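What follows is a set of notes on a single structure, which appears directly below.
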Amino acid sequence: REKLVKSVKMVTWNVNGLSNPVKRKKCLNYLKAQKIDIAFHQEVHLIDKEADKLKAMWVGQVFNSCFNSQKRGVAILVHKSMNFILLNQHKDEEGRFICIKAKINGSRIILCNIYAPNTEDPNFFKMKLISFWVHWMDKFC
């Protein structure tokens, strides 16, 4: 028997702030209209309390790493129509990345949303992400 594979529609979007409720609603309405399954947002500019508002408006799951209401912050939004099971997640405290390990349609996958500094900072990837990968790879696999 052939296994039917459902395609997954993903988008990455530097939203440059979602603290404004009108902008947040327009953004989420756009994702719904485009039938996006998984969205990766950078520069959400939310604190954890405000990120709960994003969770309340999205029809699915929201995973985020927040920093403050003026800069940084990343989020991964997964639509409720996805056959999605969260297995593990890891995020930094600076709103730069979040990685989640999940099962989507029965297949294991790692989804990472990274907002790297916009200045030349070779140590960002070298120190942060490589140390993260080495430390967490055993736990993620």
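The values are calculated or read from the model by the stated rules, or taken from the named source; none is laboratory data. Bear in mind the structure is a predicted one, so any value in this text is a computation, not a measurement. Note that we place each Cβ from the backbone using ideal geometry, even for glycine, and neighbour counts take in every protein chain shown. Please note that ligands, DNA and RNA were not included when accessible areas were found on the heavy atoms of the full protein model with its side chains. Shrake-Rupley method; radii C 1.70, N 1.55, O 1.52, S 1.80 Å.
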Accessible surface of segment 1-75, 1.4 Å probe, proportion on carbon and sulfur as whole %
52
Percentage relative contact order, the chain, counting C-alpha pairs under 8 Å, at least six apart:
17
Packing-ranked peptide list from 39-47, 74-82, highest mean Cβ count within 10 angstrom first, is 39-47, 74-82
Which one is right for this structure if Rg and Dmax of the Cα atoms in Å is calculated from it: (i) 15.5, 52; (ii) 16.0, 45; (iii) 33.6, 123?
(i)
Keeping all protein chains in place, calculate the accessible area per residue for the chain (probe 1.4 angstrom), answer in Å².
61
Among Cys66, Cys99, Cys27, determine the one that fluctuates most according to a GNM of the chain built with springs between C-alpha atoms less than 10 Å apart.
Cys27
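What is the magnitude of the charge dipole of the chain about its Cα centre, with +1 placed on the Cβ of each Lys and Arg, -1 on the Cβ of each Asp and Glu, and no other charges, expressed in debye to the nearest 20?
Result for the chain is approximately 680 debye, rounded to the nearest 20.
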